[in-house]
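What follows is a single structure, written as structure tokens, with notes after it.
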């Protein structure tokens with residue numbers, strides 16, 4: 001079986017097929033537009049929630065002190081935040097996406113993907129239920145207090161303690177939203193920035209035009225490997241790492257397995 | 001996305017979609033799954049088009065299609081969907097059914113990653129390092145997957161009754 005044989009085999013499998021796609025280019029463009037609009041709508045609602053929270057934070061102390069509520073926070077005489085009226089309109093597709101940011105998958109889906117990925121890569125491993133693991137900001141973790149900083153501001157962590165071939169391993173998943181869509185693209189510098197490589201040994205490799213992979217190794221604080229994908233097009237950074245439980249030695253987990261787990265998280 | 005960019009995107013889709021569909025079919029053996037994977041990749045590409053260089057768009061879509069199909073096989077849902085490689089409407093079938101069935105059956109016996117590696121290496125004619133980037137693995141892994149896949153096919157072709165259908169990939 002040589003390359004020519006393989007090409008012949010593939011040609012036979014295709015049977016001379018000249019496939020006609022079921023859906024047209026218009027369908028793809030329409031679906032692509034909807035994808036962009038949904039993303040923007042989610043961003044818009046998040047921004048409005050932030051504005052409303054800020055307005056409430058301003059109004060409450062003013063109300064308590066007897067001051068009138070500010071007119072830019074509530075409509076005159078209605079008591080309803082005027083900003084909500086603007087939000088009833090569907091967002092329009094802009095010509096440039098450079099200011100766009102993104103939303104992350106929900107926590108439950110991420111936890112499920114982490115636990116499922118560990119089970120798949122390490123058959124027979126004892127893993128927790130996805131519902132048992134919870135996210136927290138990296139600043140709230142014990143590791144952070146020890147000087148192990150997983151990423152930059154906005155990085156969130158979830159742990160899953162597992163037993164792999166009799167070895168106690170603490171896996172973790174870290175996610176960080178990229179601050180803006182064009183925040184350096186997927187080149188080495190931003191990828192290493194978001195992976196906090198200043199504190200670790202890192203090896204960067206580009207996966208494609210919009211995705212970079214960082215293999216990060218901690219050698220002093222909580223030693224162990226972490227595989228981190230910098231997904232510039234999707235607007236977030238996701239990493240999966242492993243450290244030993246009850247030992248100061250790095251666990252027997254290789255990057256290939258961690259790469260596979262990270263890749264399965266979408 | 002500007003109107004000019006959307007026009008370029010449409011041209012790209014029209015030019016590359018059929019080729020990508022064939023590649024996806026060779027990776028999974030099911031035209032409907034292939035169509036879904038290609039369509040998903042194109043929709044994702046639309047959202048990223050303004051930040052994607054034309055010369056890297058092929059690698060981007062190949063990577064999405066490849067990993068989508070491998071991910072599906074990992075999740076296992078496709079194992080319940082028996083794949084008998086039906087052609088979608090409008091697809092011409094130009095070779096003998098027995099030869100075609102034998103080839104489809106042989107490919108279906110390969111594990112998904114080996115199969116995708118062989119398709120990328122010998123159908124798409126990609127070098128080892130580019131295949132490794134798409135598969136998200138090392139160059140050494142691509143070489144070993146290639147060797148194992150070729151050996152599996154050699155063994156299959158040495159045995160009679162190759163044309164059994166419905167093998168799990």
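The values are calculated or read from the model by the stated rules, or taken from the named source; none is laboratory data. Since the structure is predicted, the reported quantities are computational estimates derived from the model, not experimental observations. Virtual Cβ from ideal backbone geometry, glycine too; neighbours counted across all protein chains shown.
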How do the pairs read when you match residues in segment A:15-36 that are under 13 Å from residue B:14 (Cβ atoms) and facing another protein chain (nearest Cβ under 7 Å) with residues anywhere that are at pLDDT below 75 and in a loop (DSSP other than H, G, I, E, B), using Cβ under 8 Å and keeping only pairs 6 or more apart or on different chains?
A:20/B:88; A:20/B:89; A:20/B:90; A:20/B:91
Looking only at segment A:138-151, which residues are touching a residue at least 40 places away in the same chain (Cβ under 8 Å) and surrounded by 15 or more Cβ atoms within 10 Å (Cβ to Cβ)?
A:143, A:148, A:149, A:150, A:151
Just one of (1) outside any loop (DSSP other than H, G, I, E, B); (2) at pLDDT 75 or above; (3) surrounded by 20 or more Cβ atoms within 10 Å (Cβ to Cβ) trips up residue B:110, so point out which.
(1)
For segment A:1-14, enumerate the residues that are at the interface with chain B (Cβ under 7 Å from one of its Cβ atoms), within 16 Å of residue B:105 (Cβ to Cβ) and either modelled with pLDDT of 80 or more or out of contact with any helix residue (DSSP H, G or I) (no Cβ under 6 Å at 6 or more places or on another chain) (or both).
A:6, A:9, A:10, A:12, A:13, A:14
If the Cβ limit is 7 Å and pairs must be 6+ apart or interchain, which residue in segment A:103-123 that is within 13 Å of chain B (Cβ to nearest Cβ) and surrounded by 21 or more Cβ atoms within 10 Å (Cβ to Cβ) pairs with which residue that is part of a helix (DSSP H, G or I) and modelled with pLDDT under 90?
A:117/A:264
Segment B:12-21 - residue that is at the interface with another protein chain (Cβ under 9 Å from one of its Cβ atoms) and without any contact (Cβ under 8 Å) to a residue 24 or more places away in the chain and, of those, nearest to residue A:24 (Cα to Cα):
B:14
All but one of (1) buried (at least 18 other Cβ atoms within 10 Å of the Cβ); (2) away from every other protein chain (no Cβ under 14 Å) hold for residue A:219; which doesn't?
(1)
Any idea which residue in segment A:131-150 is nearest to residue A:106 (Cα to Cα), counting only those that are modelled with pLDDT of 85 or more and outside any loop (DSSP other than H, G, I, E, B)?
A:135
Matching residues in segment B:31-50 - criterion: being surrounded by 24 or more Cβ atoms within 10 Å (Cβ to Cβ) and within 19 Å of residue B:100 (Cα to Cα)
B:34
When you go through A:216, A:222 one by one, which is the residue that is on the phi > 0 side of the Ramachandran plot and in contact with a helix residue (DSSP H, G or I) (Cβ under 8 Å, 6 or more places away or on another chain)?
A:222
Could you run through segment B:118-148 and say how many residues are under 20 Å from residue B:28 (Cα atoms), part of a helix (DSSP H, G or I) and more than 9 Å from chain A (Cβ to nearest Cβ)?
9
